[in-house]
Amino acid sequence: MLNTQQINRGIQRLLAGLTALEQGVRMAAVCLQQAAADWYRQDFPLIGYLFKYLLAAFLALWVALKMEMDQPATALLTVVIVMHFRSGMVITKSYYRLIGTVIGILFSMLLVAWFAQDRFPFFIAAALWIGMCTAGSLVYRNFQSYGFVLAGYTLCIVGLPATLTPWHTFQIASTRMSEIGVGLLSATLVSELVLPQRLWENIQAVVRSKFRDFSVLLGTGAPAGLNQPFLKFMQDIYQLEAFRSSAQFETDDARVHSATINRLNVQFMAVSTTYVVLQRLIQRLQTRVASKEADALQVLMQPLSAAVLIDGQPASHAEAITRVQQAVAAFQHDFDAHLAVQLQHLMMHPEVNQLEVETGGELLSRLAKELTAYLETYALLVAQPRARKVASREFTAEQLHMHIDWLPVSIAATRGALTLLILAAIWMTIDWPSGILAMTLGVITSTLFAASPAPMATIRQFSVGVLLGIVLVYISNVFWLTAAHDYVMLCIVITPAVLLTAWLSARPATTLVGAGLGIAYFLMVGFNQALGDNPVKYFNDSIALMVALVVSGIMFSLTDYAASPWAKARVFTQLRKLVVDACLHTSMTAPLFEMRTRDLIQRSGSVHRPQEAESVRVVEALCAALEVGHAVLALRAVARGLSAQPYQLVQRTLTLVASYYKQPGLAQQQAVLQWLDHFLAWLQGGEYADALLSSQARKLTTQLHFIRLVIAAELLQDLASTSTGADT
Amino acid sequence: MMHEWIPREFAFLDAHVPTLFVAFLLAAAAIWLIDKALAAWGIYDLVWYPALLRVSLFFGLFSVFGLMVY
């Protein structure tokens, strides 16, 4: 029998159980929601990308088949080549691809018109063209370089088949053009319309993280050495430039703010350089026995470090940035007083060289000035929810100047041309049916990877992709294509290859494997002229791809310029050459010097391997060059307002410094140092009264003293690097 | 009407070119200019799906040019 008490207890228990259950459900829901949010943020874009990739491929295939084009696979290959995670990048890539293709087709037609009757001049001219395209792809950055790759590749897919049937050249050219056009249109349409991924978010993320890193560095110093952060900053600068240059065709804010982003980049370069120079000065002073000067500079620096961090954290929102700006302005305002106090304080120590503190003070006030400018632009871009733009008249944007080194460019050009000639020779001597395919892949690899910092590793990865592609082609040609009877089944046949290509190329570690897979698969897949499988052609084609890879691999390993110790020694020599230019040529300005030096190092490939000891040396040399180069340029800026006599003295200084950097050696160094001592003594002796104002004299003194410090410090490292650097 | 005096095909350096192709190029050029203006005036901020607007504008314009031919 149940009495009421028992029933009540039961109900209570039931209620308690229900509440617990409800809590559990709620927690599960929260967990699920969070998991879903994570998934949406991390995995969903990738899945969306795969879906887009498939859709673009299907669309291209459908249109190409509907229009009864000769080679629908070319349209698919085009889709594979231009698809990119970011929508704006697809349009930019397509744009350059179109330009490259048109130019390549025009040249192919010219070539066939000129030399169709004789193969030797034909191949010589083709090799020259490929050489030019390779050179172009190395000289230009980002997707512009891509246009050159495609101009070369188009010669292979239009010009070479046309040599067999010259009377069909125009037809071949126009059908290839339409196929490529179909591929480009489907890729751009799909990536624009379906789940577009915008560049602006990327750009903002890079800008923010750069600011955060720099604030932390400024605030807490660099306990682990300056080289790593400095390299990181350099990478960021070039990454931002890459994004910016692809934003031309974006619908979002990225395009509108292009000039602002550029200005931010240039200002960031300046401020990071000044910071590194200052830190190196302090480090150099610290190595002495008595480092009162270094202590004084650190005391001076302290308020600035405190200003950039708010409660130990980098500023993140608009209000915090405004606070940082105010704090930096306050620092600038009080700086002269602080410096005077420090100098007064140091008066008591007769052994302390006040000049060094003044030099550091000069750098510090420059740092604060540049930081203010940088913060202002940063606040414009990021602080408000709606970024404001800089009027383009206000900042006539300076491009990131390039430093072109013609030696590696000509080596790459020769390599491209030779690869083509070797493959052509094989084609002609053994009368091999798949020669054209081999040449096509040979040209793709030698132009596409010309700028790669480690071409051997690149080729290896790419080859893995090509092998995968060959295997997949076998399966789809023999087992699947023979069973495919309509469009839907054709789509099913290509789906695995497309998905695999998309997935591999979306992951940074396997991008090249994906590219190799996609290119090999769609070069060979069997639904061009005749549907289905042809074993003889399949094996010939696979051998052709392998031969092409082997030949271009050998060519790359024979002419691996970037890895040779000689190339590294040349980088040092060129850095010195830039310093010489800064001394002697009036056309060299501070931003130009800065950009060219950085571009030189960026192109030398050391930036991509920051862990290696060699890279550390390169960055060390870069910092040293930036240090002395900026000092020399500042000295020249001071000299502009001087009267004849001191002006000539400055000129003599510049010539001596230039000759030291032209031919580094103990004798030259001694000469420069002696002259600088002499000059400084003259300035400090006060005999200049009628020739100089005292403010000018002070500026000259600090700059000269700084140059002296830098050159004197080169003593130890110098002898080591001269032994490798002087003989080039 | 316009299509009475615009040929559907014409010879360019002895190659037959459909006039539709020229219409396509014209539409592309026009869209490029319009797009620049829209971006500069910030119109895209007011639009829910800028890419869709851009593509539809292009197809609208292309159709207008195409209808002039046919």
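The values are calculated or read from the model by the stated rules, or taken from the named source; none is laboratory data. It should be emphasised that the depicted structure is a prediction, and the values quoted were computed from it without experimental measurement. All Cβ positions, even for glycine, are placed from backbone atoms using ideal geometry, and neighbour counts span all protein chains on display. Heavy atoms of the whole protein, side chains included, go into the accessibility calculation; ligands, DNA and RNA do not. Shrake-Rupley method; radii C 1.70, N 1.55, O 1.52, S 1.80 Å.
Can you tell me which residue among A:Leu278, A:Leu264, A:Leu304 is assigned to a helix (DSSP H, G or I) and at pLDDT below 80?
A:Leu304
Looking for something open to solvent by less than 40 Å² (accessible area, probe 1.4 Å) and at positive phi - is there at least one such residue anywhere in the range A:597-606?
yes
Checking the structure you have, find out if any residue of the range A:497-504 is surrounded by 24 or more Cβ atoms within 10 Å (Cβ to Cβ) and either over 29 Å from the mean Cα position of the chain (by Cα) or more than 27 Å from A:Asn142 (Cα to Cα) (or both).
Among the residues of the range A:497-504, at least one is surrounded by 24 or more Cβ atoms within 10 Å (Cβ to Cβ) and either over 29 Å from the mean Cα position of the chain (by Cα) or more than 27 Å from A:Asn142 (Cα to Cα) (or both), which makes the answer yes.
Find the helices (runs of 4 or more DSSP H) located wholly in chain B whose residues include 1 or more that are within 13 Å of chain A (Cβ to nearest Cβ), and list them.
B:19-41, B:50-69
Could you please find all residues in the range B:24-56 being under 22 Å from A:Arg86 (Cα atoms) and buried (at least 16 other Cβ atoms within 10 Å of the Cβ)?
Those that are under 22 Å from A:Arg86 (Cα atoms) and buried (at least 16 other Cβ atoms within 10 Å of the Cβ): B:Ile31, B:Asp35, B:Leu38, B:Ala39, B:Tyr44, B:Pro50, B:Ala51, B:Leu53, B:Arg54, B:Val55.
Do any residues in the range B:5-20 that are among the polar types (S, T, N, Q) have Cβ atoms under 7 Å from those of residues that are open to solvent by 100 Å² or more (accessible area, probe 1.4 Å), where the two are at least six apart or on different chains, and which pairs are they?
Close Cβ pairs (under 7 Å, with a partner that is open to solvent by 100 Å² or more (accessible area, probe 1.4 Å)) amount to B:Thr19/B:Arg8; B:Thr19/B:Glu9.
With the checklist (1) within 14 Å of another protein chain (Cβ to nearest Cβ); (2) under 30 Å from A:Ser258 (Cβ atoms) in hand, flag the one item A:Met109 doesn't pass.
(2)
Go through (1) in a helix (DSSP H, G or I); (2) closer than 30 Å to A:Ala259 by Cβ; (3) out of contact with any Lys or Arg (no Cβ under 8 Å at 6 or more places or on another chain) one by one and return the number of the condition A:Leu184 breaks.
For A:Leu184, the failing item is (3).
Return yes or no: is A:Pro229 open to solvent by 20 Å² or more (accessible area, probe 1.4 Å), in a helix (DSSP H, G or I) and touching a His at 6+ places or on another chain (Cβ under 9 Å)?
no
Residue by residue through the range A:134-169, note down the ones that are within 14 Å of another protein chain (Cβ to nearest Cβ) and either at pLDDT 85 or above or touching a helix residue (DSSP H, G or I) at 6+ places or on another chain (Cβ under 6 Å) (or both).
A:Thr169
Answer with yes or no whether A:Arg26 is surrounded by fewer than 23 Cβ atoms within 10 Å (Cβ to Cβ) and at pLDDT below 90.
For A:Arg26, the condition - surrounded by fewer than 23 Cβ atoms within 10 Å (Cβ to Cβ) and at pLDDT below 90 - is not met.
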